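Notes follow the structure.
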Amino acid sequence: MNTIKIGLFGLGVVGQGIYRVIGRATNAHAEIKRICVRNIDKPRDLVIDPALLTDNADDILLDPEINLVVEVVDDAEASYRIVTGALRRGIPVVSGNKAMIARHLPELIEMQRRYDTALLYDASSCGSIPVIRNLEEYYDNDLLLEVKGILNGSSNYILSRVFDHDEDYADALRRAQKLGFAESDPSFDIEGYDSLFKLIIITVHALGVYVAPEQVFTYGISSISDFDIRYAREKRMKIKLVAQVVKVADDRFTMFVMPEFVSPSKYIYSVDDEYNGVVIRGECYDRQFMFGKGAGSLPTASSILSDVMARRHGYRYEYKKMDYLNLPSYTTDVMLKIYLRYPDEQFLSAIPFASVSEKFVSGTASYVMGEILLSDLIAHRELLRAPGVFVANIPRFFLNLDD
Ligand code: HSE
């Protein structure tokens, strides 16, 4: 088999990891032929032959020897141009850009078919955990009920430091950035969008259905307060940022990203720091759990290497589930139970709870717990970003099957 000659786009945290990992992986028979960066002269820790570097994408896309593009640039628009430019030329691509993939997946699937080439992106979701290829290949049947987990390393790192080590939220965020876990705009991590993009991709491979990111309720951890943390501790729980796609009937599923109260009996309770954990639930086999590093240079690079090696064997996603006759449809007509910390009674009266089971009012903070439709949470999502507000999910699906 011929050597894979890689054109690499991006030499940031993940790109440098790829450079190191490919250099060590003799069985991959892969070499990096050219690296396209925005700024060739930028000082880098990595010792690298300057002849490898270019700032002209065509030096890769028009090089007939390059037979695989690996794309790990930070900017989603640049990523889109690179990936579609390569696919249009029939060059297979390995990408880690979840924002770009989640927004353009239907078009990218169509392009893979039209140009008879492949786009692999296991690194886009959960770093080193091989969640996409497993969902695509192993869980190719009707039994899948739920995929749920911690999909963002940075927010989990922050919550772990705050919960278990009493550290300050802002310090923990700074450290997540310094350690190379966080996105260049960390609001993607802490506001839940990074988890959302991964969930969109996971849902395509789990259920064969694409849901556009704007349609999904997404709430992050940025407004969590000491009050919420104390409340969770008193109940012997942790608060984790959880993304989930859940079958609520044979023909319907729902999905959302939200902080969640997690009890010690759950697998994800012990998923700390930058680790991710994914629970896959199905009829007949109940729960399975995948755990691993979800962010960082080498863990993510390891997943890229796995996709590079998969290309040696001509692997591509077939998206078989998207052609199934009976695809479930996405619904937001689902009753959830939530904890809402709210600033004043006027705010509370604007939130259409179906029922309230617990209410606490004090000079410091007030909260209610109650049932609310997911569609109503979506309708009020801007309001829920007001100061003094925090929302967390109280799990209610499959409780009869757990513990
Ligand atoms: N910022 C992401 C995270 C990187 O923290 O999980 C890995 O996708």
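The values are calculated or read from the model by the stated rules, or taken from the named source; none is laboratory data. Values in this document were obtained by computation on a predicted structure and should not be read as measured data. Counting neighbours? That spans all protein chains shown, and the Cβs are built from the backbone with ideal geometry, glycine included. Only protein heavy atoms, including side chains, enter the accessible area calculation; ligands, DNA and RNA are left aside. Shrake-Rupley method; radii C 1.70, N 1.55, O 1.52, S 1.80 Å.
Dipole magnitude of the range 118-260 about its Cα centre, charges +1 at Lys/Arg Cβ and -1 at Asp/Glu Cβ only, in debye to the nearest 20?
Roughly 360 debye for the range 118-260.
In degrees between 0 and 90, to the nearest 10, how far off the longest principal axis of the chain does helix 297-312 point, with axes built from Cα atoms?
Roughly 50 degrees, rounded to the nearest 10.
Projected onto the charge dipole of the range 299-403 (+1 at Lys/Arg Cβ, -1 at Asp/Glu Cβ, origin at the Cα centre), which of A392, F353, P343 gives the Cα projection farthest towards the positive end?
A392
Heavy-atom accessible area per residue, the chain, 1.4 Å probe: how many Å²?
Computed with neighbouring chains in place, this is 42 Å² per residue.
Size of the dipole of the range 56-187 about the Cα centre, Lys and Arg at +1 and Asp and Glu at -1 on the beta carbon, nothing else charged, in debye to 20?
Roughly 100 debye for the range 56-187.
With label points built 7 Å along Cα→Cβ from the Cα atoms of K337 and T54, find their separation and express it in nm.
Between K337 and T54, the simple spin-label model gives 5.9 nm.
Measure nothing but the geometry: give the 0 to 90° angle between the long axis through the Cα atoms of 193-207 and the longest principal axis through the Cα atoms of the chain, rounded to 10°.
Roughly 80 degrees, rounded to the nearest 10.
Can you give me the orientation-averaged projected area of the convex hull built on the Cα atoms of the range 112-266, in nm²?
That works out to 11.0 nm², a quarter of the Cα hull's surface.
Of all accessible surface on the chain at a 1.4 Å probe, what whole percent is carbon and sulfur?
That fraction is 49 percent.
Just how far, in whole angstrom, is the range 64-93 from the range 222-269 if you go by their alpha carbon centroids?
36 Å
Please list, in order along the range 278-291, the HN-Hα scalar couplings obtained from phi with the Karplus expression 6.51 cos²θ - 1.76 cosθ + 1.60 (θ = phi - 60°), rounded to whole Hz, x for Gly and Pro.
Per residue, the Karplus-derived 3J(HN,Hα) values read 10, 9, 10, 10, x, 5, 6, 10, 6, 10, 10, 9, 10, 9 Hz.
Separation of the range 300-369 and the range 149-166 by C-alpha centroid, Å?
17 Å
Going down the table (K5/K42; K266/K321; K148/K359; K198/K293), which pairs top 21 Å between alpha carbons?
Cα-Cα > 21 Å for K5/K42; K266/K321; K148/K359; rest within.
Tell me, what ³J(HN,Hα) does each residue in the range 325-336 have, in order and in whole Hz, if you take phi through Karplus 6.51 cos²θ - 1.76 cosθ + 1.60 with θ = phi - 60° and put x for Gly and Pro?
Per residue, the Karplus-derived 3J(HN,Hα) values read 6, 10, 8, x, 10, 6, 10, 10, 8, 9, 7, 10 Hz.
Please give the residues of the range 69-98, grouped as numeric ranges, whose backbone N is less than 11 Å from a label point set 7 Å along the Cα-to-Cβ vector of D185.
Under cut-off, by backbone N: 75-77.
Tell me, what is the 1.4 Å probe accessible area of H205, in Å² to the nearest 10?
Accessible surface of H205 is approximately 0 Å².
Hey, can you grab everything whose amide H is under 5 Å from the amide H of F256? Only 5+ residues off in sequence or another chain; H modelled, so Pro and N-termini drop out.
Q244
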